[in-house]
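Heads up: the structure comes next, in structure tokens.
The values are calculated or read from the model by the stated rules, or taken from the named source; none is laboratory data. Note that the structure is a prediction, hence the values are computed from the model and not measured. So basically every Cβ, Gly included, is an ideal-geometry build from the backbone, and we count neighbours across all protein chains shown. Heavy atoms of the whole protein, side chains included, go into the accessibility calculation; ligands, DNA and RNA do not. Shrake-Rupley method; radii C 1.70, N 1.55, O 1.52, S 1.80 Å.
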Amino acid sequence: MKTRIITGLWAGAIFVTLIALGGSPFVILMGVLALIGLSEFTLMRNHKLTAFPFLVTSLLVSFPFVLMLLERQLVMSELPMSTNQWMVLGLMLLLFWTVVTKNRFTYEDASFYFVSAVYLVIGFSSFALVRLSEDGLVKVLLVLFMIWATDSGAYFTGKAIGKTKLWPSISPNKTIEGAIGGIVSAIVLGVIYVIIEPVLPILEALVLAVVVSVVGQLGDLVQSAYKRQFNVKDSGHLLPGHGGILDRFDSMIAVFTVIWVFNLL
């Protein structure tokens, strides 16, 4: 418990400071977290971080964040390649590698790396883009408070009255009562937040709270599902007492992806 608290304090301090700073420091943080997430996926699959597939996929993951740092995301015509073209090139290289290795590196492996790259790029770049938008700090804090309220509300409600299992084959400790408690907690905190800091009308905040809470819990279940598939307790060991980056950011990756894709903020 002591290790968990100490890790939470220093990691939280760094995270909050870089959120407050925004701009290039926050973009760099998101890029680094995406690369660490990719390394965790790779190690869960028992592949080497020095192998060609990981190196290629690392370039795929890095490219959008480099564009943000160069402030080129809105003038793609000046670049020799767009992010989409870069991702397609990476996919082809991964597929070509199945031929070079005579199927020791399989189509399934190529799919694994590509899906992991898309998941991480969209999730962390969406997080960065929301922060870089107008009133980005206020918006990001609203979403984070909703996510954290969901986690706390689901945990304490589940402990107090949880009886009906939500999805026992994926996450045996989660309950339907806890999930509902998480949604209610997100709504309450979201309404309080927009009363104090009116970044959204109350009705829109209510809708956003429900979306954030439901999607965040689904993101958590996605994380539980692939950890169960790979038979690991934690995605990594970077954060003692907390696991890996994917363990800590599973809900955020899902939530910010949905927010950015559907332009909810």
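Explain nothing, just the number: dipole magnitude of the chain about its Cα centre with +1 on each Lys and Arg Cβ and -1 on each Asp and Glu Cβ, in debye rounded to the nearest 20.
Numbers: 17 positive and 15 negative charges, 189 e Å.
Taking the Cα centre of the chain as origin, the dipole is about 920 debye.
Report the full-extension gain for the segment LEU55 to VAL199: residue separation times 0.36 nm, less the Cα-Cα distance, to one decimal in nm. Spell out each step's value before the answer.
On the way: separation 144, 0.36 × 144 = 51.84 nm, distance 4.11 nm.
The span from LEU55 to VAL199 would gain 47.7 nm if fully extended.
What whole-number value in Å² describes the accessible area per residue of the chain for a 1.4 Å probe?
On the way: 13930 Å² over 265 residues.
Counting only protein heavy atoms, the per-residue value for the chain is 53 Å².
So which helices of the chain fit the span-like rule, where a helix is a whole DSSP H run, its Cα atoms reach 27 Å or more along the axis, and its mean Kyte-Doolittle is at least -0.5?
Details: long enough: 2-21 (29 Å, 1.48); 23-44 (32 Å, 1.77); 107-132 (37 Å, 1.17); 136-161 (37 Å, 1.26); 176-196 (30 Å, 2.31); 202-230 (42 Å, 1.09).
Qualifying helices, which must be both long enough and hydrophobic enough, are 2-21, 23-44, 107-132, 136-161, 176-196, 202-230.
Hey, what's the Kirkwood Rh for the chain if you take every pair of different alpha carbons, in angstrom? Can you show the working numbers first?
Working: mean 1/r = 0.0510 Å⁻¹.
This gives a value of 19.6 Å.
Tell me the relative contact order for the stretch 71-223 as a rounded percent, counting alpha carbon contacts under 8 Å between residues six or more apart. Working shown, then result.
Values: 137 pairs, mean separation 25.8, N = 153.
17 percent.
Indicate the gyration tensor shape class of the stretch 108-265 (rounded, prolate or oblate), computed on the Cα atoms with a ≥ b ≥ c the square roots of the eigenvalues: a/c under 1.5 is rounded; otherwise a/b larger than b/c is prolate and the rest oblate. Provide the component values of the computation, followed by the final result.
Details: a/c = 2.06, a/b = 1.18, b/c = 1.74.
It is oblate, given that a/c is not under 1.5 and a/b is not larger than b/c.
State the number of lysine pairs found in the chain whose Cα atoms come within less than 17 Å, restricting to pairs 8 or more positions apart or on distinct chains. Intermediate results must be reported in sequence, preceding the final value.
Values: LYS159/LYS174; LYS163/LYS174; LYS165/LYS174; LYS174/LYS227; LYS174/LYS233.
So the count of such lysine pairs works out to 5.
Compute the Cα gyration tensor for the stretch 67-201, then decide on rounded, prolate or oblate, letting a ≥ b ≥ c be the square roots of its eigenvalues: rounded whenever a/c is under 1.5, prolate when a/b is larger than b/c in the other cases, and oblate in all that remain. Please report the intermediate quantities before stating the final value.
On the way: a/c = 5.46, a/b = 1.40, b/c = 3.90.
Because a/c hits 1.5 or more and a/b fails to exceed b/c, the stretch 67-201 counts as oblate.
With an 8 Å cut-off on Cα pairs and a minimum separation of 6 or more residues, tell me the relative contact order of the chain in percent.
Working: 328 pairs, mean separation 56.8, N = 265.
Contact order relative to length: 21 percent.
Mind checking which of ALA128, GLN229, VAL99 is farthest towards the positive end of the chain's charge dipole, using Cβ charges of +1 (Lys, Arg) and -1 (Asp, Glu) about the Cα centre?
The one lying farthest along the dipole's positive direction is GLN229.
Going 7 Å from the Cα of GLU108 toward and past its Cβ, which residues in the stretch 36-65 have a backbone nitrogen under 19 Å from where you end up?
41-48, 53-54, by backbone N distance to the label point.
Take the alpha carbon atoms of the stretch 2-62, find their center, do the same for the stretch 185-236, and report the distance between the two centers in whole angstrom.
The stretch 2-62 and the stretch 185-236 have Cα centres separated by 21 Å.
Would you look at the GNM of the chain, springs on alpha carbons closer than 10 Å, and say which of SER62, SER213, SER125 moves the most?
SER62
Can you pull the percent of the chain's accessible area that's carbon plus sulfur, 1.4 Å probe, other chains left in place? Could the numbers behind the result be given before it?
Numbers: 9570 of 13930 Å².
Here carbon and sulfur together make up 69 percent of the probe-accessible area.
For Cα pairs less than 8 Å apart in space and 6+ apart in sequence, what is the mean separation divided by the residue count of the stretch 159-219, i.e. the relative contact order in percent? Intermediate values should be presented prior to the final figure.
Numbers: 51 pairs, mean separation 15.5, N = 61.
25 percent.
Sticking with the crude label model, points 7 Å out along Cα→Cβ, report the distance from TRP10 to VAL138 in nm, one decimal please.
For TRP10 paired with VAL138, the spin-label model returns 3.5 nm.
Treating only the Cα positions of the stretch 148-227 as identical point scatterers, give the base-10 log of I(q)/I(0) from the Debye formula at each q in 0.11 Å⁻¹.
Here the Debye-derived log intensity ratios amount to -0.30.
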